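Here's the structure, in structure tokens; my notes come after.
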Amino acid sequence: MKKIAILGSTGSIGTQTLDVIRANGDIQVLGISAGHNIKKLEEQVREFSPKLVAVWEEDQAAELRIRISDTGTKVVSGMDGLLELAAMPDVEILVTAIVGMIGILPTIEAIKAGKDIALANKETLVTAGHIIMPLAEKHQVRILPVDSEHSAIFQCLQGEERGSVEKLLITASGGPFRGRSGKELEQVTVEDALNHPNWSMGHKITIDSATLVNKGLEVMEARWLFGVDLDHIQVVVQPKSIIHSMVEFTDGAVMAQLGTPDMKLPIQYALYYPERRYLAGERLNFETLTQITFEKPDSNTFRGLPMAMEAARIGGSMPTVFNAANERAVAKFLGREIGFLDIYEIIEGAMEQHQVVRDPDVKQILEAEAGTYDWIESRWHI
């Protein structure tokens, strides 16, 4: 029986990971973690009986200890708790479904402990790919992508020589505002932005989809996952989210992975790789799917993508600033402190003021994150 731990078990990816485990019945969950959802954590403890649970805040960890005092599950807190969970002796795969740069240190700890990583935490590679990928190679650890787009590319590359890759084609739905002008985006609400046409995701990633920041982050992540430079990665809008991504090879052949929009597929593929298993759910019907259309991204209106590409080309600590600025801006938008288009203004301002560190270590990455937060709060505090 395969043994895993999950960082972020109460979020969208975490709960769907548990759905996959529940459906298959041959994976043991040894550890789980969450930020604040103590009620959901208690339910998960009682169903899956993990040995260890990590909660970010100690007061909430104390509450959980009382709630599950009749179980044998140990409760820990803070970063030390996450690191303990990441390095649990019997764990084979760590699912990093946690949101934010908080996932970097536990991922490093897990790699050093020889765990494979089922990676759903974009920030880990966006900000620290230059550290993570060489470390994974050194410890002979597999980084298994959970993002639907990166999983699609990963699947298309099976049995192929990496040197035969000409281009990665990352698809985007275009989000809920595809086709709208900048003027039309001035008055959009939080509810409008959370109304994604195809996918059911957490709030943060849904807003990132609306701004196209998410595609920029995926490009940054793909360059590290697959060793392809930025000039050979292209974003293509495919509104129905049927094609999850494609690979063009040097002979002109293009391979694509298609399917219904269901995150359980890439999650299950990562957990059982290289085995494919039956997955219940809707299937593509090519009798009713009359066409698949493509568009060029509107980079003038949705500036998240070109700003991400600029940050990636500058490199060093700039991707950290881009990511941190977006993270804080999205939180402010969700909290109704700023408008939708202000997200771009915050990111652009943060990047302009930053002094780039060329080859940052983890300490410098976290300092760049904290400095970006401080700069934003000094200018955008409500």
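The values are calculated or read from the model by the stated rules, or taken from the named source; none is laboratory data. From a predicted model like this one, the values you see are computed outputs, not experimental measurements. Methodologically, a virtual Cβ is constructed for each residue, glycine included, from the backbone with ideal geometry; neighbour enumeration extends over all protein chains shown. Protein only, heavy atoms only, side chains kept; ligands, DNA and RNA dropped before computing areas. Shrake-Rupley method; radii C 1.70, N 1.55, O 1.52, S 1.80 Å.
Things worth noting here:
- When segment 266-322 is filtered for residues that are farther than 23 Å from L169 by Cα, small (G, A, S) and touching a helix residue (DSSP H, G or I) at 6+ places or on another chain (Cβ under 8 Å), the ones remaining, listed by number, are A280, G281, S317.
- Pairs, first in a loop (DSSP other than H, G, I, E, B) and open to solvent by 20 Å² or more (accessible area, probe 1.4 Å) in segment 134-152, second at pLDDT 95 or above and not charged (D, E, K, R), C-beta under 7 Å, six or more apart: H139/I111; H139/G114
- For G281: the one exception among (1) of a type outside the set (F, W, Y); (2) at negative phi; (3) without any contact (Cβ under 8 Å) to a residue 40 or more places away in the chain: (2)
- Screening segment 1-20 for residues that are touching a strand residue (DSSP E or B) at 6+ places or on another chain (Cβ under 6 Å) and open to solvent by 30 Å² or more (accessible area, probe 1.4 Å) and picking the one that is nearest to V45 (Cα to Cα) gives T10.
- Residue within segment 328-345 that is in a helix (DSSP H, G or I), open to solvent by 50 Å² or more (accessible area, probe 1.4 Å) and among the hydroxyl-bearing types (S, T, Y) present: no
- Apart from one condition, E287 fits all of (1) charged (D, E, K, R); (2) modelled with pLDDT under 95; (3) under 30 Å from T17 (Cβ atoms); (4) exposed (fewer than 11 other Cβ atoms within 10 Å of the Cβ); the exception is (3).
- Out of D70, D90, sole residue that is part of a loop (DSSP other than H, G, I, E, B), in contact (Cβ under 8 Å) with a residue 40 or more places away in the chain and open to solvent by 10 Å² or more (accessible area, probe 1.4 Å): D90
- Subset of segment 163-218 [over 21 Å from T124 (Cβ atoms) and basic (K, R)]: K167, R178, R180, K183
- Options V29, V53, V95, V76: the member that is surrounded by 17 or more Cβ atoms within 10 Å (Cβ to Cβ), of a type in the set (A, V, I, L, M), assigned to a strand (DSSP E or B) and in contact with an Asp or Glu (Cβ under 7 Å, 6 or more places away or on another chain): V76
- Residue in segment 10-18 that is in a helix (DSSP H, G or I), of a type in the set (S, T, Y) and at pLDDT 95 or above present: yes
- Test: residue in segment 173-189 that is part of a helix (DSSP H, G or I) and crowded, with 17+ Cβ neighbours inside 10 Å: yes
- Counting the residues of segment 16-39 that are under 23 Å from G78 (Cβ atoms) and out of contact with any helix residue (DSSP H, G or I) (no Cβ under 8 Å at 6 or more places or on another chain) gives 4.
- Those residues of segment 346-361 which are open to solvent by 30 Å² or more (accessible area, probe 1.4 Å) and either of a type in the set (D, E) or under 23 Å from the mean Cα position of the chain (by Cα) (or both), in sequence order: E348, E352, D359, D361
- Applying the condition of being among the charged types (D, E, K, R) and under 21 Å from E161 (Cβ atoms) to segment 230-282 and asking which residue is surrounded by the most Cβ atoms within 10 Å (Cβ to Cβ) yields E248.
- Filtered residue count, segment 230-259, keeping only those that are assigned to a loop (DSSP other than H, G, I, E, B) and in contact with a Gly (Cβ under 7 Å, 6 or more places away or on another chain): 1
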